[in-house]
Amino acid sequence: MFKTVHQAAWAFDAEWVPDADTGRRVYELSSDWTDEEVVAEMYQRHGATDEQPRPYLKTVMCRLVSLSAVARTEEEGGAVRLQLRSLPATTDPKARQASEPEIVRRFLDGVGRAKPQMVGYNSGSADLRILVQRGVVHGIRAAAFAERPDKPWEGVDYFAGGDWHVDLIEVLGGWGRGRPSLHEMAAACGIPGKFSGAGDSVQDLWARGELGAIIAYNEFDALTTYLLWLRVAHFGGFFDSEQYREEETRVRDLLERESARDGREHLAEYLREWNRSRRPEVAARPQLNLGL
């Protein structure tokens, strides 16, 4: 369990696809190979079979195409501001042309400035790792993000395994056969899981030029991660039951507000799924006297 909830917290998620340019470099393939041929070779070298034609690729072999975060900020006086941010933005008409270096640089610059508590699901092995790897690949300077204090308690440190980066899969699952996926954990909690597709569909959406659908899927995962973090924080005593309900109401208000904007209609779909799948409130259940 994490030890604290910081005044600024970002629940983030990233989406990526195989990067043919990296495949050419790593495997020294001829420039005559098409991108499709290179990607097929990358999968082959990662153990592709008829049953699993697209095995997991190492993150360094992939390029980031979308980053989303639900940003919670507790301001002076106790007011809480909630935002949903994405790179590229779904309302950006030039989103298809957004470069990976620009996405990574802007996100890490934002983290470096705001210094939030970063919250992810399997982010220690995947989302945070690919940000660092691809940042290094593209020669990006992210000094404010990467800065580390002399002692862990003296400042922000995203690399020490402390509360500045909370990987919920480590809190909830650890290692072993009982390790739950984000979908399994969320669905069990009455939070929308992978109701609009799975991560392996991102490559096909990218090939068809459907970046808006990728960003929508990315935002769904960021929202799910945030709602799961709220539930874990309530379990850990950082929010009492009334505060937890207030935090959920803020998410609902965010979804209703954002879904009314052009290009953001998919957020109404997420809200409908949340209404459909949510579990009864704990406070509404009868309390049993077990004699303990």
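The values are calculated or read from the model by the stated rules, or taken from the named source; none is laboratory data. What you see is a predicted model; the values in this text were computed from it and never measured. Here Cβ is always computed from backbone atoms with ideal geometry, including for glycine, and neighbour counts include all displayed protein chains. Areas reflect the complete protein model, heavy atoms only, side chains present, ligands, DNA and RNA absent. Shrake-Rupley method; radii C 1.70, N 1.55, O 1.52, S 1.80 Å.
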Debye, to nearest 20: dipole size of segment 1-124, +1 on Lys, Arg Cβ, -1 on Asp, Glu Cβ: 660 debye
Part-to-part distance (alpha-carbon centres) for segment 154-200 and segment 232-273, which is given in Å: 18 Å
Separation in nanometres of the label points that stand 7 Å from Cα toward Cβ, at residue 32 and residue 129: 3.6 nm
Trypsin sites (Lys or Arg not before Pro) within segment 94-141: DSSP coil, no more than 15 neighbouring Cβ in 10 Å: 94, 141
Max mean-square fluctuation residue, GNM over the chain, Cα-Cα springs under 10 Å, options 127, 253, 163: 253
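Kindly report the accessible area of the chain per residue (heavy atoms of protein chains, probe 1.4 Å, no ligands, DNA or RNA), in Å².
53 Å²
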Ordering of 261-268, 185-192 by packing [mean C-beta count within 10 Å, highest first]: 185-192, 261-268
With Cα atoms, 0 to 90° folded angle of helix 241-259 axis to the chain main axis: 50 degrees
Low-density loop positions, chymotrypsin sites (Phe, Trp or Tyr not before Pro), segment 13-66 - DSSP coil, at most 14 other Cβ in 10 Å: 56
14 Å cut-off, amide nitrogen to a point 7 angstrom out along residue 175 Cα→Cβ, residues in segment 100-131: 125
Average Cα contact separation per residue, segment 143-288, under 8 Å, 6 or more apart, as relative contact order %: 19 percent
Using alpha-carbon coordinates, inclination of helix 100-114 to the longest axis of the chain, degrees: 30 degrees
Max mean-square fluctuation residue, GNM over the chain, Cα-Cα springs under 10 Å, options 122, 275, 218: 275
Carbon plus sulfur fraction of accessible area for segment 26-75, probe 1.4 Å, in percent: 45 percent
Protection-proxy order for peptides 170-178, 244-252, 209-217, each taking the mean of Cβ atoms within 10 Å per residue, highest first: 209-217, 244-252, 170-178
Shape category assigned to segment 124-172 from the gyration tensor of Cα positions, a/c cut at 1.5: oblate
Cα gyration tensor, the chain - rounded (a/c under 1.5), prolate or oblate: prolate
Cα gyration tensor shape for segment 94-222, rounded if a/c is under 1.5, else prolate or oblate: oblate
Spacing of the two label points (7 Å from each Cα toward its C-beta) at residue 25 and residue 184, in nm: 3.6 nm
GNM flexibility winner over the chain from 80, 119, 39 (Cα, springs under 10 Å): 80
Degrees between helix 127-137 axis and first principal axis of the chain (Cα, 0 to 90, nearest 10): 30 degrees
Net lengthening on full extension, residue 260/residue 82 (0.36 nm per residue, minus Cα-Cα): 62.5 nm
